[in-house]
Amino acid sequence: MSSSQNSKVIAPYGSWKSPITADVVSGSSKRLGGTAVDPQGHLFWLESRPSESGRVVLVKEAGDEPIDITPPEFAVRTLAQEYGGGAFRISGDTVIFSNYKDQRLYKQSISSKGSYFYCVFTLKS
């Protein structure tokens with residue numbers, strides 16, 4: 001340890017610097033829960049995001065960068081089981097989830113198959 005790490009700092013009451021910030025105490029970091037695996041072995045989880053007013057997002061493992069499955073206008077949460085859990089289910093390439101705002105069930109494809117359109121290419125040198 002360097003001498004600067006060992007030195008004492010004297011400061012008036014309440015003015016000392018602390019590594020415990022308001023962000024740490026208020027839970028400004030993401031919270032994870034509600035895991036599931038689809039038939040192809042992809043991992044899904046719920047992610048509570050304080051930066052988005054506590055919105056809960058369904059996220060899919062996708063290589064290095066996870067991807068959000070539910071659009072920004074949805075929060076995956078149910079009041080039927082207020083303690084948590086049971087807000088979504090995966091069946092094949094479909095997820096059914098409860099949206100917090102209206103408590104309705106929504107069905108969404110989670111397939112990585114996109115809409116592909118092909119055209120005739122011409123290469124000129």
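A few notes on this one:
- Residue match in the range 18-34 (condition: at pLDDT 90 or above, among the basic types (Lys, Arg) and within 12 Å of the chain's Cα centre (by Cα)): no
- Residues (charged (D, E, K, R), outside any loop (DSSP other than H, G, I, E, B) and under 21 Å from Gly92 (Cβ atoms)) located in the range 40-82: Lys60, Asp68
- Pairs meeting the criteria (first residue in the range 61-78 and more than 19 Å from Ser111 (Cα to Cα), second residue in a loop (DSSP other than H, G, I, E, B), beta carbons under 7 Å, at least 6 apart or on different chains) are Ala75/Tyr100; Ala75/Lys101; Arg77/Ala87; Arg77/Tyr100; Thr78/Gly86; Thr78/Ala87; Thr78/Gln103.
- Residue in the range 46-55 that is among the aliphatic types (A, V, I, L, M) and out of contact with any Lys or Arg (no Cβ under 6 Å at 6 or more places or on another chain) present: yes
- For Gln40: the one exception among (1) among the polar types (S, T, N, Q); (2) closer than 16 Å to Ser109 by Cα; (3) at pLDDT 90 or above: (3)
- Considering the conditions (1) exposed (fewer than 10 other Cβ atoms within 10 Å of the Cβ); (2) of a type outside the set (Val, Ile, Thr); (3) at positive phi, Glu65 is excluded by exactly one of them, (3).
- If you check Arg77, Arg89 for being loosely packed, with under 15 Cβ neighbours inside 10 Å, among the basic types (Lys, Arg) and within 13 Å of Leu46 (Cα to Cα), only one passes: Arg89.
- Scanning the range 86-104 for residues that are part of a strand (DSSP E or B) and not charged (D, E, K, R) yields Phe88, Ile90, Ser91, Thr94, Val95, Ile96, Phe97, Ser98, Asn99.
- Test: Asp102 is out of contact with any Phe, Trp or Tyr (no Cβ under 6 Å at 6 or more places or on another chain), over 19 Å from Lys30 (Cα atoms) and at pLDDT below 90: no
The values are calculated or read from the model by the stated rules, or taken from the named source; none is laboratory data. Given the structure is predicted, the values throughout are model-derived calculations rather than measurements. Backbone-built Cβ (ideal geometry, glycine too); neighbour counts: all protein chains shown.
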